[in-house]
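The values are calculated or read from the model by the stated rules, or taken from the named source; none is laboratory data. As the structure is a prediction and not an experimental result, all values here were calculated from the model. Here the Cβ is made from the backbone with ideal geometry for all residues, glycine too, and neighbour counts use every protein chain on show.
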Amino acid sequence: MDLFSHRVYIESQRTKEDKPIAASLMRCWKSLGMPDFLQLDNELSFRGSNKYPRSFGIVIKLCLHFGIQPVFIPVAEPWRNGVIEHFNDTYNKSFFRRQWFSSYLYLKRQSKAFQRFHNKHHRYSCLKGKTPGEFTKSYDYKPITLGGNTKIPDLDDIPDGNIIVIRFIRSDRMLNIFGEKFQVSKDLVYAYVKTVIDTEFHTLQMYMGDEFVESFNYQLPMST
């Protein structure tokens with residue numbers, strides 16, 4: 001979902017593997033446009049590997065390649081993605097549970113029909129009663145999209161850029177970044193912090209609000 005206009009892009013996939021997700025994101029950016037940020041939960045296929053937490057997966061690399069900052073919400077706090085969770089509930093109750101899908105292909109076709117219906121007819125109070133399509137036209141909103149023939153690039157290396165990870169610090173004073181833990185100051189206990197992984201300078205910078213708190217070395221695997 002584009003948070004500005006609430007336009008959605010729906011695509012069904014058979015699995016939650018990272019490569020189909022990356023392909024779907026590419027098609028989404030060709031349709032809705034390129035975001036500044038992509039907000040995600042901590043699903044493994046979004047981030048990479050538990051065994052090698054600094055290697056990063058194709059989704060993170062794809063974002064960095066196109067200058068998009070991935071933002072990972074706190075663990076086990078789905079309400080942080082409240083806008084899209086609300087849409088998922090609408091999709092489930094108004095579409096998915098209301099009909100029988102005779103085949104996967106039929107599900108894909110009908111999902112696209114629901115996408116078009118939503119963007120044209122669904123009204124949001126936060127858009128002052130407008131539909132996503134009406135809101136987009138009222139602002140003459142023309143997002144920058146990927147070219148139609150753009151292919152998934154070679155993503156062996158980790159591109160330069162920032163990865164944002166929001167975390168809640170508990171009494172153990174541990175900052176958990178994709179399973180890797182860093183001990184932080186006791187002053188941060190029971191506080192939310194924003195950590196920025198800078199892949200160019202191999203650092204992990206921690207902020208509380210807009211205030212810089214601490215920096216850690218975060219050496220990433222080098223290309224061979």
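Sort out which residues of segment 167-177 are of a type in the set (A, V, I, L, M, F, W, C) and more than 17 Å from the chain's Cα centre (by Cα), and write them in order of number. Listed by number, the residues that qualify are 168, 169, 174, 175. Among the residues making up segment 194-224, those that are within 21 Å of the chain's Cα centre (by Cα), closer than 21 Å to residue 49 by Cα and hydroxyl-bearing (Ser, Thr, Tyr) are 195, 199. For residue 164, the test of being farther than 26 Å from residue 54 by Cβ and either without any contact (Cβ under 8 Å) to a residue 60 or more places away in the chain or under 21 Å from the mean Cα position of the chain (by Cα) (or both) is failed. State whether one or more residues within segment 181-188 are touching a helix residue (DSSP H, G or I) at 6+ places or on another chain (Cβ under 6 Å) and over 24 Å from residue 66 (Cα atoms). So far as segment 181-188 goes, no, none of its residues is touching a helix residue (DSSP H, G or I) at 6+ places or on another chain (Cβ under 6 Å) and over 24 Å from residue 66 (Cα atoms). Checked across segment 71-82, the condition of being surrounded by 13 or more Cβ atoms within 10 Å (Cβ to Cβ), at pLDDT 95 or above and farther than 22 Å from residue 206 by Cα holds for no residue. Residue pairs whose Cβ atoms lie under 6 Å apart, sitting 6 or more positions apart in sequence or on different chains, and linking a residue in segment 122-136 that is under 15 Å from residue 9 (Cα atoms) and in the same structural domain as residue 90 (by TED's automatic domain parsing) to a partner that is surrounded by 17 or more Cβ atoms within 10 Å (Cβ to Cβ) and basic (Lys, Arg), are 132/7.
Name every residue in segment 13-33 that is buried (at least 16 other Cβ atoms within 10 Å of the Cβ) and assigned to a loop (DSSP other than H, G, I, E, B), in order of residue number. Within segment 13-33, 32, 33 meet the criteria. Restricting to segment 58-81, name every residue that is within 24 Å of residue 175 (Cβ to Cβ) and either more than 13 Å from the chain's Cα centre (by Cα) or in the same structural domain as residue 181 (by TED's automatic domain parsing) (or both). Passing the criteria: 75, 76, 77, 79.
Does residue 100 fit the bill of being out of contact with any strand residue (DSSP E or B) (no Cβ under 9 Å at 6 or more places or on another chain), in a helix (DSSP H, G or I) and surrounded by fewer than 17 Cβ atoms within 10 Å (Cβ to Cβ)? The answer is no for residue 100.
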